[in-house]
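Undergrad: Dumping the structure here so I can ask a few things about it.
FYI, it's all coordinate maths here, none of it is from the lab. Just so you know, these numbers come straight off a predicted model, no measurement behind them. Note that we place each Cβ from the backbone using ideal geometry, even for glycine, and neighbour counts take in every protein chain shown.
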Ligand SMILES: Cc1ncc(COP(=O)(O)O)c(C=O)c1O
């Protein structure tokens, strides 16, 4: 019922079930790109003529929209980035001298693993990984052991696993981590497309956001930084638009957020990000969650009817992604066959190789939903999987 808001679905026969990779964009987001480039294309925070001022105003409006969207306290707590990968690399590079150990979960995306390897080499930080239990549940006992053994930790954990859809209980993780004096960053790449996020209620210290996984253009995102940490955060790149005063030997920087946003930003993309958030506000999370939940449950029920299917978790505390394999069948073969039937899913390790290795597999077939997917999409997927299985087994 929401597909009418998304031009992609009018132009394409594809059953799009790869929302964990990126989401489709509503018309209001696409229109905002054309609008910026055809009506007021100018750089922000520099020139002082009419369209430049309008571009700056539209850009800064998005900071306020995002601040309110996640219930942050101040505009300066919202720093725009290219996406979650850049957000985490920024914090890893700029803040790693403030802790000795990073604690991550077993379900992390590579973007929340490899930035810590780079810092580990240069700063000597340890990287600890919380075990998972049956059903891919977070092992809270092991988490506490790690916090106890590693005072001065930085906990960096994904909110929703992109590979398995598992939702981590961030409120509890943050409470426990803070009790041990640790600082907490959440990888929220998969969050805003599915769940309402309130950074005050979750009490997180840093929260990384991906625009393109939240119905916005690619190449935009943000990092929320709790005000008290801003003064400790070093600029990770500098140049145009970050500067207060420069001579050839010395420079002083502006305050947050500008000192962290070096160079010309993805202006159109950020304006589109604002439109995407307004679109979500318009249709409301209550509807997104209930609609998507019904389709996700139906997907699970229908998948379970297929022969020899292997799941790695049930759908308790999960949303978005559903990952599986079929006994004796290579996941890539399924991907190739159902692509020919116009079904778009992702097959492979989903940038989460370590958990795949722990499970003793090379990858999975991942179906990832958004609120615009419907029961018909699931029926078409099941029909395609049934045909593919028949071809591969015959
Ligand atoms: C859990 C998770 N973290 C990080 C990323 C990287 O996000 P971005 O594409 O915004 O850099 C992704 C993208 O797939 C993801 O799913």
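Undergrad: With a ≥ b ≥ c the root eigenvalues of the C-alpha gyration tensor of the stretch 28-282, is it rounded (a/c under 1.5), prolate (a/b larger than b/c) or oblate?
TA: Details: a/c = 2.31, a/b = 1.46, b/c = 1.58.
Oblate shape, in that a/c is at least 1.5 and b/c is the bigger or equal ratio.
Undergrad: Want the number for residue 39 to residue 178: 0.36 nm per residue separation, take away the alpha-carbon distance, what's left? Don't skip to the end; give the middle numbers.
TA: Details: separation 139, 0.36 × 139 = 50.04 nm, distance 4.79 nm.
Length difference between fully extended and current span is 45.2 nm.
Undergrad: Take the chain, connect every pair of alpha-carbon atoms lying under 10 Å apart with a spring to form a Gaussian network, then pick out the residue of 45, 159, 194 with the largest mean-square fluctuation.
TA: In this elastic network of the chain, the residue with the biggest mean-square fluctuation among 45, 159, 194 is 45.
Undergrad: Is the stretch 128-197 rounded, prolate or oblate when judged by the Cα gyration tensor, a ≥ b ≥ c being the square roots of its eigenvalues, rounded requiring a/c under 1.5 and prolate requiring a/b larger than b/c? Walk me through the numbers on the way to the answer.
TA: Details: a/c = 2.29, a/b = 1.46, b/c = 1.57.
Because a/c hits 1.5 or more and a/b fails to exceed b/c, the stretch 128-197 counts as oblate.
Undergrad: Label points 7 Å out from Cα along the Cβ direction at residue 203 and residue 379: separation in nm?
TA: Once both label points are built, they end up 4.8 nm from each other.
Undergrad: Run the quick spin-label model on residue 148 and residue 12: label points 7 Å from Cα toward the beta carbon, then report their separation in nm to one decimal.
TA: A separation of 5.0 nm, rounded to one decimal place.
Undergrad: Set the Förster distance to 35 Å, then compute FRET efficiency between residue 169 and residue 110 from the Cβ-Cβ distance, nearest 0.05. Intermediate results must be reported in sequence, preceding the final value.
TA: Working: r = 23 Å, r/R0 = 0.66.
Calculated transfer efficiency: 0.90.
Undergrad: Compute the length gained on full extension between residue 73 and residue 133: take 0.36 nm times their separation in residues and subtract their Cα-Cα distance, giving the result in nm to one decimal.
TA: Values: separation 60, 0.36 × 60 = 21.60 nm, distance 3.58 nm.
Gain on extension, residue 73 to residue 133, equals 18.0 nm.
Undergrad: Sticking with this structure for a sec: Can you tell me the orientation of helix 84-95 relative to the chain, as the angle in degrees between its alpha-carbon axis and the longest Cα principal axis, to the nearest 10?
TA: 40 degrees
Undergrad: Also, quick follow-up: If I fit a long axis through the Cα atoms of helix 285-304 and take the longest principal axis of the Cα atoms of the chain, what angle between them do I get, 0 to 90°, rounded to 10?
TA: Roughly 30 degrees between the two axes.
Undergrad: While we're looking at this one, here's another question. In percent, what relative contact order does the stretch 28-282 have, based on Cα pairs under 8 Å that are 6 or more apart in sequence?
TA: Numbers: 483 pairs, mean separation 65.3, N = 255.
Averaging sequence separation for qualifying contacts and normalising by length gives 26 percent for the stretch 28-282.
Undergrad: Work out how much length residue 283 to residue 31 would gain on full extension: take 0.36 nm times their residue separation and subtract the Cα-Cα distance, in nm to one decimal.
TA: Numbers: separation 252, 0.36 × 252 = 90.72 nm, distance 1.80 nm.
My answer for the length gained is 88.9 nm.
Undergrad: If one takes the longest principal axis of the Cα atoms in the chain, at what angle in degrees, from 0 to 90 and to the nearest 10, does the Cα axis of helix 27-39 lie?
TA: It works out to around 40 degrees.
Undergrad: How far is it, in nm, from the label point at residue 310 to the one at residue 49 when both lie 7 Å from their Cα along the line to the Cβ?
TA: Label at residue 310, label at residue 49, 6.3 nm between them.
Undergrad: Let me ask you something else. So which residue, out of 177, 193, 149, gets the largest mean-square fluctuation from a GNM of the chain using Cα contacts under 10 Å as springs?
TA: Greatest mean-square fluctuation among the candidates belongs to 149.
Undergrad: What FRET efficiency, computed as 1/(1 + (r/R0)^6) with R0 = 41 Å and r the Cβ-Cβ distance, is obtained for residue 302 and residue 357, rounded to the nearest 0.05?
TA: Values: r = 29 Å, r/R0 = 0.71.
After rounding, the FRET efficiency stands at 0.90.
Undergrad: Could you work out which residue, out of 204, 64, 367, moves most in a Gaussian network model of the chain, that is, has the largest mean-square fluctuation with Cα springs under 10 Å?
TA: Maximum fluctuation in the GNM of the chain, among the listed residues, is at 64.
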